[in-house]
Amino acid sequence: MFAFYTNAGVLAVLAAISALALNVLIGETGIFSAAQAVFYGLGAYTAALVGLHVSSSLPLSALAGMVVAGLAALVFAIPAVRVRGDYFIVASFAFSVIMTTVFSQWTSVTGGNAGISGVPEATIGPLAIAAASGYLAVAVVFLVLTCGALYVILRRAPVGRMLRAVRDDEVAVMALGKSPAYLRLIAVVVAGVVSGLAGVVYAYFVSFVDPSGFGFSESILFVTMVIFGGVGSLAGPLIGALVVGFGIPSLGLLNLPSSVIGPLQQIVVGMILIVLMVFYPGGLAAVPEGLMRRVPGRGQTASSTPGTEKVTAHGAR
Amino acid sequence: MVILQLIITGIAVGALYGLAGIGFNLIFSTTRMFDISIGATYLIVAYVYYSLVAQARIPVAATAVVAVAIGGLCGLAFYLGVYSWIERRSFGGFFTYFVASFGVLTVVQNLLAMIYGSARVFIGQGLLRTIGGSALEVPKGDIVAIGVAIIGYAALELVLNRTRIGVRFRAMGENQDLLRTIGLGSRRYWALAFVMGSVLVGASAIVTTYLQGVAPSDGFTLANFAIAAVLLGGVGRYRGALFGGLLLGVVENVALAWVPGAWEQAVGFGVLLVVLLFRPSGLLGSAV
């Protein structure tokens, strides 16, 4: 049981890093991505390949994973940020489908559906990390670093304010002479890099990567974590990731056949989303404050023609 | 000849994407709810149809009517059960509805996976029989698909342009607030849009099930192809949705002449990304 929770703990902390990254998009910039697991996966695949063929040095792998995930995020973002905010989700799904296909079909590099196994233990200098508790420590350190970096970027640097401005009023951003598309691009790349970092630790911890770990339902799990905790704060995604990250795998402890457990976990995720949106659109973080902020309705968002109408994405707040 | 064959299949598949896309477009432009749960409607209709035709062996025509009706009911149930609640409680924005409809799709998809298993199931081979000579064989199903899409599109255009309901729908698409101001903001028409959009999705579901069978994961894929078709054509444009669907279907099928089958979906969505790069508001859309 203890081992179960140490393992779940590593994965939950890594998921928390990825959820924080996703929150940069959903909470701060107001764009909804269903492809975050792809960047997690790119970090993991990169680490697995670097670990097997170059060196199992964790800092080196982390750097490589972040660069690869960041470049992929850039390639994805260039067309995707041009779409009006609401449809970013479809572009992100498109990217997710394409990358899942690449993971499973580019056999010579990714090992296809069989994946890459036998990733060696990560090393930091002379130190090899073997035990789950070691990876837990590494994951927690990365989580703290991520929190710090995102806090500075989002709350202390001008770019963070601009991102929130894109979320709240794109026209005002344009009036200031800034490009909302460029700002969204920055957000997508930052989120990709951070998720890539989490993926690197994942690959060394599990010592095995295959396409099933980075598909669409994993992306949605990240989304659920962000929404569950409450979007737009640093604490929200953290709480969400820990609750969902421990809670959903815990269902696996139930004595049920595996063909039932998988769908059951997904059903629970879906129910959580529905109930939250109906009763607490602000997520768990909004519950103790006891407030159900009444957001402005469609009244402020309508414009003349359906083809060009802008529907703002901050309704959940 | 192979290419011609693939183009015909592509047109059939694309017409079905387009039909579902028109359904999505109807719901979105009248209610402003980004309703990805059309995927859930699709799955329910497909599996009900499968149960009745392949398992209970009830005649096709009767079943089709029942299944499409159930599709309409699904739309109504999702609207009354979830979205209208959000609307009344918090005047939810785009994001709230999207996440909720996402939850609906997840729950339905996995409930069906529990009941029917996650493997693909098929209905008999009737519509896969071909007509035409040996050089060019067109499955009957492809013709049915194109026919159903044309009928669905024509019926919707007729409703939109020739009836009072249609006028109301178009007005809702133009300016929701003005309607409310002059006292015509009735929610009954929102519910009606959900029913009609879901019926179109249901029709698409039945024919697609004939052609490809159905698996729980299809719900999300279909919803995304439908929305991709709408994006390709230009949001708010019914003709655009049909055109976008056809383009997606043809491209991904013709690509099969060069790339392995596993890449089919990736190619379709790749086209979407490329088009968005050059025309962010869609091929038939106006400038943003």
query = For the protein assembly as shown, how big is the tail of P(r) above 36 Å, as a whole percent of Cα pairs?
reply = 34
query = How are the Cα pair distances of segment B:135-288 distributed, in percent, across 5 Å bins from 0?
reply = 2, 8, 13, 19, 19, 16, 11, 6, 3, 2, 1, 0, 0
key: Solution diffusion estimate, µm²/s, Stokes-Einstein, segment B:163-228, Kirkwood Rh from C-alpha pairs, 37 °C, viscosity 0.692 mPa s   = 235
request  = Using 0.36 nm per residue of separation minus the Cα-Cα distance, give me the extension gain between A:Val275 and A:Arg156 in nm, one decimal.
outcome  = 39.4 nm
query = Given a Förster distance of 41 angstrom, what is the FRET efficiency for A:Ala131 paired with A:Val75, based on the Cβ-Cβ distance and rounded to 0.05?
reply = 0.65
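How would you rank B:Ile146, B:Ile38, B:Ile58, going from fewest to most other Cβ atoms within 10 Å of each one's own Cβ?
Ranking B:Ile146, B:Ile38, B:Ile58 by Cβ neighbours within 10 Å, fewest first, gives B:Ile58, B:Ile146, B:Ile38.
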ask   = What number, in percent, do you get for the relative contact order of chain B if the mean sequence gap of Cα pairs under 8 Å and at least 6 apart is divided by its residue count?
value = 38
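Using alpha-carbon pairs under 8 Å, 6+ residues apart, how would you state the relative contact order of chain A in percent?
Computed value for chain A: 31 percent relative contact order.
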ask   = Over what distance in Å are the Cα centres of segment B:53-71 and segment A:157-197 separated?
value = 50
key: Relative packing of A:185-195, A:151-161, B:265-275, which averages over residues the other C-beta atoms within 10 Å, highest first   = A:185-195, B:265-275, A:151-161
note = Shielding of B:275-282 by other chains, given as the mean Cβ count within 10 Å, works out to 5
request  = Mind sorting B:Asp142, B:Asp177, A:Asp210 by how few other Cβ atoms lie within 10 Å of their own Cβ, fewest first?
outcome  = B:Asp177, A:Asp210, B:Asp142
request  = Using label points projected 7 Å from each Cα along Cα→Cβ, tell me how many nm separate B:Thr163 and B:Ala262, to one decimal.
outcome  = 4.7
query = B:Val121 versus A:Tyr5, label points 7 Å from Cα toward the beta carbon: distance in nm?
reply = 4.1
task = In Å and from the alpha-carbon atoms only, list the Rg and Dmax of segment A:5-95.
result = 14.6, 42
inquiry  = Translational diffusion coefficient of chain B at 4 °C, 1.567 mPa s, Stokes-Einstein with Kirkwood Rh over Cα pairs, in µm²/s as a whole number.
reply    = 67
key: Percent of C-alpha pairs per 5 Å bin, segment A:47-151, short to long   = 2, 10, 13, 18, 17, 17, 13, 6, 2, 0
message = Restricting things to Cα coordinates, could you compute the convex hull volume per residue of segment B:234-288 in Å³?
response = 66
task = Take B:Asp218, A:Asp169 and order them by how many other Cβ atoms sit within 10 Å, fewest up front.
result = A:Asp169, B:Asp218
query = How large is log10 I(q)/I(0) at q = 0.09, 0.13, 0.16 Å⁻¹ when the Debye formula is applied to the Cα atoms of chain A, each weighted equally and without solvent?
reply = -0.45, -0.94, -1.39
note = A convex hull over the alpha carbons of segment A:157-293 yields, per residue, a volume in Å³ of 150
query = For the pair A:Ser259 and B:Arg239, what calculated FRET efficiency results from E = 1/(1 + (r/R0)^6), where r is the Cβ-Cβ distance and R0 = 45 Å, to the nearest 0.05?
reply = 0.55
key: Estimated vicinal HN-Hα couplings, Hz - segment A:206-220 in sequence order (Karplus 6.51, -1.76, 1.60; Gly, Pro = x)   = 7, 6, 7, 10, 8, x, 5, x, 10, x, 5, 5, 5, 4, 5
Length released on extending from B:Lys140 to B:Leu277, taking residue separation times 0.36 nm less the Cα-Cα span = 45.6 nm
Label-point separation, A:Ala235 to A:Ile124 (7 Å along Cα→Cβ), nm = 2.8
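Readers should treat all values here as calculations from the given coordinates under stated rules, not as data from a laboratory. Predicted model, so just to flag it, every value in this text is computed and none were measured. All Cβ positions, glycine included, derive from the backbone under ideal geometry; neighbour counts span all protein chains shown.
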